[in-house]
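All remarks here apply to the structure that follows.
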Amino acid sequence: IRERVSDMTGAHYSMKQIAEITGGSITGDSQHMVRHLATDSRALPGVENVMFLAIRGDHHDGNDYIGAVYARGVRCFLTDRVYSGTAGMEGASFCIVEDTMKALHCLAGEHRSTFPGTLLAITGSNGKTIIKEWIYQLLQHEASVIRSPRSYNSQLGVPLSLWQLSAAYDVAVIEAGISLPGEMEKLEQIIAPGTGLLTNIGTAHSENFTSDSHKLREKLHLFRHCKKLIYRSDLRVDGRPVENFLHELSAEKVSWSLGGKARYSFSLSDTAVGGKDLLMEHNEHQFVFKLPFIDDASVENIIHAIVFLSEYGMPYQRTGRLLCRLEPVEMRLETLKGIHGSTLVNDVYNSDLAGLRVALDVLMQQVRHPDKMVILSDVFQSGMNDEALYAEVAALLDFKGVGKIIGIGTGISGQKALFPSGAQFFPDTETFLKAFDTREIENFAVLIKGARKFHFEQITRKLQLQVHKTVLEININEMIRNLNYFRSLLQPSTKIMVMVKALSYGAGGHEIAEFLQHEQIDYLAVAFPDEGIRLRRSGVQLPVMVMNTDTGDYRKLIEHNLEPEIFSREGLVRFISECRYLGLSGQPVHIKLDTGMHRLGFEKGDMEWLAQQLIAGEVKVKSLFTHLAGSDDPGLDSFTREQVEEFREMAAKIKKVTGKQPVMHVLNSSGIERFPEFQMDMVRIGIGLYGQGVKRELEPVSTFKTVISQIREVEPGESVGYGRSGKVTQRSMIATIPVGYADGISRHLGNGRYSFYLNENYVPTIGNICMDMTMLDITGIEAAIGDQVELIGRNCPVTRMADQLNTIVYEILTSIPERVKRVYIRE
């Protein structure tokens with residue numbers, strides 16, 4: 001095992017060595033070398049020295065994608081069974097193991113054992129990622145540091161993080177999280193941290209633990225063999241001091257406290273300019289740190305970083321100077337509309353190889369733009385010399401099919417010979433901004449990725465279509481969680497159709513469809529043909545059902561490969577007639593049956609006639625379905641069951657006559673949650689994807705927010721807004737925000753009938769809501785122009801607004817017009 005090829009760039013193993021480490025058996029060439037691991041067939045890091053791990057999940061099997069990955073050029077595979085399609089796979093090498101995930105852990109653990117530097121492992125409920133990033137920001141000036149990419153802290157993310165280790169790094173900072181008992185023991189075996197850091201214990205991921213104490217004990221498994229453990233001693237869990245839980249750990253206990261006694265004791269004091277100083281007492285020494293952030297969470301995270309740096313050996317004075325440079329951690333990718341018909345993927349806060357791979361995967365999802373561009377700064381903390389580093393960057397961009405490359409910085413510019421002849425290079429951001437012709441990005445998808453020191457936010461501002469102050473943020477991570485929640489309720493064979501009508505319930509059109517296509521959803525559904533046509537023109541290739549059609553739409557549907565819902569005799573006759581006129585047969589349709597909703601659909605008396613029409617062959621029935629009238633209402637459960645039974649009876653008659661077995665579906669979002677026994681062949685997810693359901697497991701994906709445009713003082717007796725309806729009875733401070741009823745804020749929310757969230761306070765409306773503006777009474781609230789106001793989000797749930805307006809969530813979300821800019825974020 002130790003005979004592996006060792007260099008300064010990370011893991012490098014032969015397939016023979018991988019088999020020895022994992023206990024697997026080899027078929028094919030055992031001398032193939034592996035440097036990169038891939039677990040997602042859609043997001044390969046290249047093909048040279050790549051091994052694809054065929055991991056099984058609850059609703060997918062990586063073995064199903066081996067053929068497609070081989071076709072793209074990958075030749076090394078880690079699988080848990082003999083692949084049946086090896087015929088014709090010349091040059092392929094397979095390592096066959098009992099369990100692919102366990103094998104990955106073995107491989108990562110072996111590679112971690114070769115790392116000679118300091119390894120810090122961080123766990124807890126909150127703050128892990130921020131502490132990790134702040135330690136990196138502070139320590140990178142003193143040592144070579146590698147850290148987990150973004151939030152790679154799971155059973156899959158941790159081993160992939162460890163795989164990046166090499167002898168070129170002095171320090172590794174690895175984040176570890178769990179959602180189930182027993183998971184941390186597995187992670188501890190492969191991380192084997194020398195130093196541990198416990199953040200805190202909160203409510204995150206609590207659903208699978210009996211108590212906070214139970215969750216803490218599970219997390220503490222990470223530190224069983226640590227030499228040193230950093231923790232906050234005044235932390236209490238289920239009413240007990242955290243130290244009561246640490247007795248079984250042999251690690252040296254490095255405690256800190258804010259206002260109490262510990263090895264490191266801290267206290268806060270106000271400064272003359274409204275900030276805070278942090279006084280530290282340690283080993284009879286005192287030192288005062290100037291804090292760049294003063295909210296409670298940031299102070300706690302900063303102290304964790306200070307204590308680790310002190311234990312690592314960094315002088316207090318040096319830490320204090322570096323704290324002044326500390327910047328907020330922005331861990332999200334934004335997808336924005338750019339000028340000249342472009343789309344921007346904005347990732348302007350760090351530049352490293354692992355992050356570049358993640359960002360490129362998002363760039364590749366912009367399927368409506370066949371042309372891709374990357375604007376990239378120097379890449380830092382790679383552990384590689386510049387020639388090897390930028391050779392890998394160039395190969396990665398080439399593999400991903402990036403057509404235009406712009407490099408900014410002396411490092412990347414110095415290696416321009418490694419890039420295609422058309423690549424452009426600039427020494428700094430200022431020079432680029434002066435020289436770049438923005439028309440070059442016309443109709444491109446553009447990734448803007450750079451380290452903080454390059455201030456690439458200036459590039460984003462220049463290339464963004466409009467810098468709106470009012471935005472609707474769509475959190476793609478929460479959408480993925482919601483999708484996976486529904487998948488967890490389904491059998492692996494059950495197909496999924498997702499409703500993307502009405503701008504995907506306000507979340508966006510092609511952007512959401514592109515995401516769903518990447519997530520390998522089976523079907524999309526829209527309300528009208530024009531919605532489907534826009535998706536096709538955006539490059540979306542998934543099957544699309546169109547729910548509302550009329551006779552004039554049929555030819556357009558056929559031309560754009562869209563599949564109509566047929567719900568009446570007249571509609572079916574005319575669609576068949578259109579097919580005959582065009583000389584077509586086997587055209588896909590979806591037949592809707594009316595079982596009690598009494599809105600659209602064929603009725604019981606139509607079944608014999610319908611079945612006879614379907615025999616002819618002009619159409620192919622892709623699915624039979626019905627619409628449940630009250631699947632979210634327990635009071636209507638008996639009616640729901642009657643609908644399902646009637647649907648089965650009607651469908652059986654059609655299938656008996658036609659001899660066909662089309663896909664059957666009845667369940668919507670609430671039906672999936674409440675009646676999983678009726679999932680049949682397919683289900684339809686609608687509002688549930690966007691975070692609204694009958695159970696608490698779903699997370700809202702949308703945050704509607706704006707900023708204060710102006711603040712004015714209004715005297716008693718004066719009024720605010722049209723019609724003088726906002727009468728002021730005392731001296732008041734009034735803030736105006738640039739959002740109104742043309743942006744989906746109902747006029748019925750004016751005149752104090754509703755409040756929005758500003759600086760941890762709910763502030764009421766005052767006066768009538770205008771078309772483009774709303775006024776808020778912020779008397780007694782500290783606020784300034786530019787401060788953010790949440791209209792819908794975590795603090796102002798959309799359900800709260802719906803209740804106030806005596807309506808449903810659907811109406812609120814679909815009322816937010818396209819003029820409100822959508823921003824798509826990924827953590």
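Numbers below:
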| quantity | calculated |
| --- | --- |
| Given (1) more than 21 Å from Gln17 (Cβ to Cβ); (2) open to solvent by 20 Å² or more (accessible area, probe 1.4 Å), number of the condition Pro116 does not satisfy | (1) |
| Some residue of the stretch 471-479 being open to solvent by less than 20 Å² (accessible area, probe 1.4 Å), more than 18 Å from Leu344 (Cβ to Cβ) and hydrophobic (A, V, I, L, M, F, W, C) | yes |
| Checklist (1) assigned to a helix (DSSP H, G or I); (2) within 22 Å of Arg481 (Cβ to Cβ); (3) at pLDDT 90 or above applied to Leu503, failing item | (3) |
| Which numbered condition Tyr83 fails, given (1) more than 28 Å from Val242 (Cα to Cα); (2) of a type in the set (Ser, Thr, Tyr); (3) not in a loop (DSSP other than H, G, I, E, B) | (3) |
| Flag if Lys219 is of a type outside the set (A, V, I, L, M, F, W, C) and more than 21 Å from His304 (Cα to Cα) | no |
| Selection within the stretch 450-470 - of a type outside the set (D, E, K, R), touching a helix residue (DSSP H, G or I) at 6+ places or on another chain (Cβ under 7 Å) and in a helix (DSSP H, G or I) | Phe454, Gln458, Ile459, Leu463 |
| Leading residue by the ranking (farthest from Gly693 (Cα to Cα)) among those in the stretch 611-629 that are open to solvent by less than 40 Å² (accessible area, probe 1.4 Å), modelled with pLDDT under 95 and in contact with a helix residue (DSSP H, G or I) (Cβ under 9 Å, 6 or more places away or on another chain) | Glu618 |
| Matching residues, the stretch 169-183, being over 13 Å from Gly157 (Cα atoms) and either of a type outside the set (Asp, Glu) or under 25 Å from the mean Cα position of the chain (by Cα) (or both) | Tyr169, Val171, Ala172, Val173, Ser179, Leu180, Pro181, Gly182 |
| Residue in the stretch 64-73 that is closer than 14 Å to Leu156 by Cβ and either within 27 Å of the chain's Cα centre (by Cα) or open to solvent by 60 Å² or more (accessible area, probe 1.4 Å) (or both) present | no |
| Within the stretch 87-189, helices (runs of 4 or more DSSP H) holding 1 or more residues that are among the aromatic types (Phe, Trp, Tyr) | 128-139 |
| Test for Asp270: is it open to solvent by less than 40 Å² (accessible area, probe 1.4 Å), on the phi < 0 side of the Ramachandran plot, touching a strand residue (DSSP E or B) at 6+ places or on another chain (Cβ under 8 Å) and acidic (Asp, Glu) | no |
| Subset tally (residues that are surrounded by 13 or more Cβ atoms within 10 Å (Cβ to Cβ) and either outside any loop (DSSP other than H, G, I, E, B) or in contact (Cβ under 8 Å) with a residue 60 or more places away in the chain (or both)) for the stretch 630-640 | 5 |
| Residue tally, condition surrounded by 18 or more Cβ atoms within 10 Å (Cβ to Cβ) and in contact with a Lys or Arg (Cβ under 7 Å, 6 or more places away or on another chain), over the stretch 555-565 | 2 |
| Residue in the stretch 319-330 that is touching a strand residue (DSSP E or B) at 6+ places or on another chain (Cβ under 8 Å) and charged (D, E, K, R) present | no |
| Residue among Thr123, Thr79 that is hydroxyl-bearing (Ser, Thr, Tyr), open to solvent by less than 30 Å² (accessible area, probe 1.4 Å), in contact with a Ser or Thr (Cβ under 9 Å, 6 or more places away or on another chain) and under 17 Å from Gln17 (Cα atoms) | Thr79 |
| Members of the stretch 659-669 found to be among the polar types (S, T, N, Q) and either crowded, with 22+ Cβ neighbours inside 10 Å or modelled with pLDDT of 95 or more (or both), listed by number | Asn668, Ser669 |
| Per-region count, the stretch 404-428, residues surrounded by fewer than 21 Cβ atoms within 10 Å (Cβ to Cβ) and in a helix (DSSP H, G or I) | 6 |
| Helices (runs of 4 or more DSSP H) contained entirely in the stretch 315-403, each with at least 1 residues that are open to solvent by 10 Å² or more (accessible area, probe 1.4 Å) and under 18 Å from Gly450 (Cα atoms) | 353-364, 386-400 |
| Of all residues in the stretch 296-314 being open to solvent by 40 Å² or more (accessible area, probe 1.4 Å) and in contact (Cβ under 8 Å) with a residue 24 or more places away in the chain, the one that is nearest to Ser267 (Cα to Cα) | Ala297 |
| Qualifying residue in the stretch 783-803 (condition: farther than 30 Å from Ile685 by Cα, modelled with pLDDT of 95 or more and either open to solvent by less than 30 Å² (accessible area, probe 1.4 Å) or in a helix (DSSP H, G or I) (or both)) | yes |
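So that you can scan it fast, the table gives a plain yes or no per residue for (1) on the phi > 0 side of the Ramachandran plot; (2) of a type in the set (Ser, Thr, Tyr); (3) crowded, with 20+ Cβ neighbours inside 10 Å:
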residue	(1), (2), (3)
Glu673	no, no, yes
Ile685	no, no, yes
Gly691	yes, no, yes
Ile708	no, no, yes
Arg712	no, no, no
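The values are calculated or read from the model by the stated rules, or taken from the named source; none is laboratory data. The structure displayed is predicted, hence computed values, not measured ones. With ideal geometry, Cβ positions are generated from the backbone for all residues, glycine too; neighbour counts draw on all protein chains shown. Protein only, heavy atoms only, side chains kept; ligands, DNA and RNA dropped before computing areas. Shrake-Rupley method; radii C 1.70, N 1.55, O 1.52, S 1.80 Å.
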